[in-house]
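Chemist: Could you have a look at this structure, given as structure tokens, before my questions?
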Amino acid sequence: MKLDWDAEPAVGDLDGDGDEDVLVGIDNGEIKYFRNEEDSFTELKGNDNPLKGVNVGWGVAPTILDVDSDGDEDLLVGNDENLKYFRNDSGTFTEQKGSINPFKGMNLGSDATPSLIDLNGDGDEDVLVGNDDGKIKYLENLTTNVNDDPIAKNDSVGILDNNPVTINVLKNDFEPEKELISLMEFEGDTERGGTVELDDKGTPEDLSDDELIYIL
């Protein structure tokens with residue numbers, strides 16, 4: 001198998017079928033895709049290659065990473081200028097530019113060559129980028145998995161006897177997919193003898209703006 005000058009391989013499950021495929025960046029800016037079919041690798045060419053339209057210039061160094069945490073593998077490509085990000089949308093790879101590119105404004109050097117490692121041990125893949133200056137740059141992965149459960153934080157409040165306090169218990173909570181969080185149920189009595197009542201803000205059909213009134 002002859003691939004061309006400066007072949008740069010990467011492995012990852014690009015088609016989401018559970019096995020590792022192979023990508024190879026070549027010096028003319030193209031990326032060849034070899035799909036793993038029961039441990040036999042077949043090069044997909046022409047319209048069968050989902051990376052057909054990807055050409056990033058000289059010095060192509062691809063790597064595969066789920067950048068947007070949506071469950072499929074995206075494509076990072078280093079070249080002779082910097083690092084480019086192609087998002088995977090149901091098998092179609094689209095370059096993300098400007099404000100939607102999380103790598104915007106990063107000066108990673110010429111011949112940027114990315115590789116993946118969980119360097120800080122937090123369970124997600126970080127990116128190391130080598131360049132032609134002999135330097136290695138570390139990009140920490142701070143993305144949030146959109147499949148994570150909502151995060152509820154404890155709320156505290158000071159209160160005097162017979163002075164009701166309204167608490168926005170949803171204000172400090174966090175939903176990774178940025179959907180509305182609703183107050184579904186609560187305990188009406190407290191351990192210290194107080195009571196808790198619901199304030200539906202006059203919109204009983206909208207559970208996302210509900211607050212609780214604490215009375216001691």
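Chemist: Residue 23: open to solvent by 10 Å² or more (accessible area, probe 1.4 Å) and aliphatic (A, V, I, L, M), yes or no?
Modeler: No.
Chemist: Related question: Taking residue 42 as meeting all but one of (1) touching a residue at least 12 places away in the same chain (Cβ under 8 Å); (2) under 17 Å from residue 18 (Cα atoms); (3) open to solvent by less than 60 Å² (accessible area, probe 1.4 Å); (4) over 21 Å from the mean Cα position of the chain (by Cα), write down the number of the exception.
Modeler: (1)
Chemist: Confirm whether residue 195 is at pLDDT below 70 and either open to solvent by 60 Å² or more (accessible area, probe 1.4 Å) or out of contact with any helix residue (DSSP H, G or I) (no Cβ under 8 Å at 6 or more places or on another chain) (or both).
Modeler: On the way: at pLDDT below 70: no; either open to solvent by 60 Å² or more (accessible area, probe 1.4 Å) or out of contact with any helix residue (DSSP H, G or I) (no Cβ under 8 Å at 6 or more places or on another chain) (or both): yes.
For residue 195, the condition - at pLDDT below 70 and either open to solvent by 60 Å² or more (accessible area, probe 1.4 Å) or out of contact with any helix residue (DSSP H, G or I) (no Cβ under 8 Å at 6 or more places or on another chain) (or both) - is not met.
Chemist: Among the numbered criteria (1) assigned to a loop (DSSP other than H, G, I, E, B); (2) open to solvent by less than 60 Å² (accessible area, probe 1.4 Å); (3) charged (D, E, K, R), which one does residue 15 miss?
Modeler: (2)
Chemist: Please go through the stretch 73-129 and give me each residue that is at pLDDT below 85 and of a type in the set (Phe, Trp, Tyr), ordered by number.
Modeler: 103
Chemist: In the stretch 89-129, how many residues are in contact (Cβ under 8 Å) with a residue 24 or more places away in the chain, within 25 Å of residue 58 (Cβ to Cβ) and under 15 Å from the mean Cα position of the chain (by Cα)?
Modeler: Residues that pass the stated criteria total 4.
The values are calculated or read from the model by the stated rules, or taken from the named source; none is laboratory data. Since this is a predicted model, take the numbers as computed values, not measurements. Every residue, glycine as well, gets a Cβ built from its backbone with ideal geometry; the counts of neighbours run over all protein chains shown. We work out accessible area using only protein heavy atoms, side chains counted, and drop any ligands, DNA or RNA first. Shrake-Rupley method; radii C 1.70, N 1.55, O 1.52, S 1.80 Å.
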